[in-house]
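Step one of this worksheet: look at the structure below.
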């Protein structure tokens, strides 16, 4: 850390405390003995999503929540449960130090959560995510859900 007064590189931390989402540090220059304040902020790496066509875009929590909301419309699913799904995906990526996740992984992760929360919401989300093109696809998904439920 360069001293703003004399440019010397060495300083010592005199006081450190949290301030908002930053860490405030009072420092003293080892050369000129003048004091100054610095703020330390944790830099969170940008999470990118790889789409099916290979393009990349930044992860958008609101886009995920909007997709889940279309599946849970008029279903007994709470906002806390929706937030939990989005938080789980973000926490997984942060814990694994991932900066890239595929849209497929996000979809599968969301489906797993919806399967345990509400079967109708699961089928609705799956119909869009898996791009069902015929009735047989719906029947297969429902049969799979019933088979897993019976176990």
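Details
- Yes/no for residue 76 being more than 29 Å from residue 119 (Cα to Cα) and either at pLDDT below 90 or assigned by TED's automatic domain parsing to the domain that holds residue 118 (or both): no
Each row is one residue, and each column tells you yes or no for (1) farther than 26 Å from residue 116 by Cα; (2) modelled with pLDDT of 90 or more; (3) in contact with a strand residue (DSSP E or B) (Cβ under 7 Å, 6 or more places away or on another chain); (4) not assigned by TED's automatic domain parsing to the domain that holds residue 123.
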{"position": "9", "(1), (2), (3), (4)": "yes, yes, no, yes"}
{"position": "13", "(1), (2), (3), (4)": "yes, yes, yes, yes"}
{"position": "61", "(1), (2), (3), (4)": "no, yes, no, no"}
{"position": "88", "(1), (2), (3), (4)": "no, yes, no, no"}
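- Number of the condition not met by residue 110 [criteria: (1) over 20 Å from residue 66 (Cα atoms); (2) buried (at least 16 other Cβ atoms within 10 Å of the Cβ)]: (1)
- Among the residues of the stretch 14-40, those that are part of a loop (DSSP other than H, G, I, E, B) and over 18 Å from residue 2 (Cβ atoms) comprise 20, 21.
The values are calculated or read from the model by the stated rules, or taken from the named source; none is laboratory data. All of these numbers come straight from a predicted model, not from anything done at the bench. Reconstructed Cβ throughout: ideal geometry from the backbone, glycine too, with neighbour counts over all protein chains shown.
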